[in-house]
Amino acid sequence: MSSAPPIRPTQLLRSSAFRLGIAFAGLTATAAVILVAVAHWAVKRDLRQQIESVVYVAAAELEQTHAAGGLAALLDALDRRVASGQRSQMQFSLVAPDLRRIIGNLETLPAGPGWADIGEVLPGGGARGMRVLTMSVGSGYMLSVGIDREPITALETALSRAIWVVAAAIVALALAVGFGVARASHRRLGLIDARLDEIGRGALDVRLPTSGDRDEIDRMAGAMNATLDRLAGAVSAVEQVSNDIAHDLRTPLNRLRQRLERAGATAASADELRKAIDDAIAELDVTLGIFASMLRIAQIEAGARRSAFARVDLTALVDGVVETFTAVAEDEGRRLASAVARGVAVTGDREMLTQALVNLVENGLRHTPRASTVTVSLVDGPQGPVLAVADDGPGIPAADRVRVLQRFVRLEGARSTPGSGLGLALVAAVAEVHGAALALDDNGPGLRVELRFPAAPD
C-alpha cells in the first residue's frame, strides 16, 4: 500500500486550501480592524463627552456664582480654584471686555465662545492639548474653563497600537491555520492520488482512504469507493462470464463440431447429411439463445433502459402471463394458479418485468413433477408490491439459493432438463435494476421466489 508523497512548500503555496486561508486571514483582519476602529471611535466619543461634562459642570457652577454674588464672587471662586490643586487637571481664565485677562492660568485664549481645542505651553517646557469651553458672563466678560486632553490622546495612541497588534495577530493566526489546513489537505489528497495511481495500474481492490470526519473529501472518497466497488463487481462479472462461456459453451460447440465431422465422414445419403445439418442448426440455435440471454443480462445490469422507465400496471402484466401459461401448464400435466391483487403498479420497464415473471413461471413448470401446482401471487404490502411464484416441487436447498442466481449455475437435479442456467440470473438482474429485493425461500414443500418492489413515493 502506497503512502502519501512528501509535501513541498511550493505545492502548499499553490494549494487552494492555503489560498483560502490567506483570503480568510484578509477578511478576518479587515473585520477586526473595522471592529477595533469602531470601538476606538465609540470610546473616544464617550471619553470626550465625560471630559466635556466635567468642564461644563465647573463652568455652570462659576456662572451661578457670578449670578448670585456678582463679579467679586466670581473672582473669589476663580482665585480659590486656580490656587487649589486642580491646576494639574483644569485651567481657568476670565477676560475683560477689553480682552485683558483679569485672572486665571489658561495662557492661550480661545477665539470666541463655545467649545475649542487649543495647545497649551507648560511652564517647565513642553505642551499639552486642552479642551476649553468659553462663555459670556456679565457685561462683556468671557469665562474660559479648560481640561487636559492627555487621557484622550493616550487612549487614542493605545487603541491605534491595539488595532495593529490585533490585526497582525489575526493575520499570523489565519496564516498558520491556512498552512496547517493546506498541509493536512495536501497529505490526504496526496494519499488519494497515490491510491488512484495504484488503481490505474490495475489494483481494483484498493480503496481511497477516509478520515471519518464526513467532510467533502470523505464524501468524495466514499462516492469513488462505491464506484470502484461497482467497477470491481463489473470486472469480476466479466471475468466470470468469460470463464462460464469457456466452460459451458465449449462442450456444445465441441459436440457440434464432432457431429458435423462424423456426418461429413459417414453420411451415406443426402437425407442423413440433411438430418445432421438440421441437428447442428438446432444446436446452434440453443447456443445463440444463450448468447442472447447473456447480452440481455448485460444490458439490464448496465441500466441501459432505466431512462425509459414508466408506470407499469403490474396487475395486468401478471394476468397476461398467467393467461398465457395456463394452457401450457395443463398440457404438461401441471396446474397454474394465481392470486392477484387489483390496481397494483410499479415504475419500471414492462418488457423486463414480463421476461422476469416468464422465467420464474417456466422454472416452476420445468423443475416440478407432474400434478404439481405453481402459484403466482401479487399483493400490495405496506412496504411495497410483492410478486411471488411458488411451487410444491422439490425446491432448492438453502445452501444453493444464492449460487443459483449466478450465470450458468445448474443444480444436479436440473441437468436432465433443458436450460442454460441463465433464467434466475436474468431475474436477479431485472430485480436489481428496478431496486427490488429478490428472495428465494422454502415453500414447505417447494420453492417460493419473491420480488419485493419498493413502495411508490407519495
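The values are calculated or read from the model by the stated rules, or taken from the named source; none is laboratory data. In this text, all values refer to a predicted model and were calculated from it rather than measured experimentally. FYI the Cβ positions are ideal-geometry reconstructions off the backbone, even for glycines, and counts take in every protein chain you see.
Quick notes
- Any hit, the range 343-355, residues being surrounded by fewer than 15 Cβ atoms within 10 Å (Cβ to Cβ), farther than 17 Å from VAL430 by Cβ and in the same structural domain as PRO445 (by TED's automatic domain parsing): yes
- Residue that is farther than 30 Å from VAL38 by Cβ, assigned to a helix (DSSP H, G or I) and in the same structural domain as ALA37 (by TED's automatic domain parsing), where the choices are ALA194, ALA226, ALA167: ALA194
Residues checked against (1) closer than 30 Å to LEU159 by Cα; (2) loosely packed, with under 12 Cβ neighbours inside 10 Å; (3) modelled with pLDDT under 75; (4) out of contact with any Lys or Arg (no Cβ under 8 Å at 6 or more places or on another chain):
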{"site": "ALA4", "(1), (2), (3), (4)": "no, no, yes, no"}
{"site": "LEU12", "(1), (2), (3), (4)": "no, no, yes, no"}
{"site": "ILE22", "(1), (2), (3), (4)": "yes, no, yes, yes"}
{"site": "ALA39", "(1), (2), (3), (4)": "yes, no, no, yes"}
{"site": "VAL57", "(1), (2), (3), (4)": "yes, yes, no, yes"}
{"site": "ALA72", "(1), (2), (3), (4)": "no, yes, no, yes"}
{"site": "ASP79", "(1), (2), (3), (4)": "no, no, no, yes"}
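- The single condition among (1) modelled with pLDDT of 85 or more; (2) in a helix (DSSP H, G or I); (3) closer than 19 Å to ILE147 by Cα that TRP115 does not meet is (2).
- Put simply, of ALA263, ALA223, ALA184, ALA282 the only residue that is under 30 Å from VAL427 (Cβ atoms) and at pLDDT below 80 is ALA282.
- The residues on offer are LEU357, LEU451, LEU424, and the sole one that is modelled with pLDDT of 90 or more, assigned to a helix (DSSP H, G or I) and not β-branched (Val, Ile, Thr) is LEU357.
- Members of the range 385-402 found to be closer than 14 Å to ALA339 by Cα and of a type in the set (D, E, K, R), listed by number: ASP391
- Residue in the range 393-412 that is at pLDDT 85 or above and surrounded by 19 or more Cβ atoms within 10 Å (Cβ to Cβ) present: yes
- Sole exception among (1) at pLDDT 75 or above; (2) loosely packed, with under 14 Cβ neighbours inside 10 Å for PRO209, by number: (2)
- Within the range 59-75, the set of residues being touching a residue at least 60 places away in the same chain (Cβ under 8 Å) and closer than 16 Å to GLY114 by Cβ comprises ALA59, GLU63.
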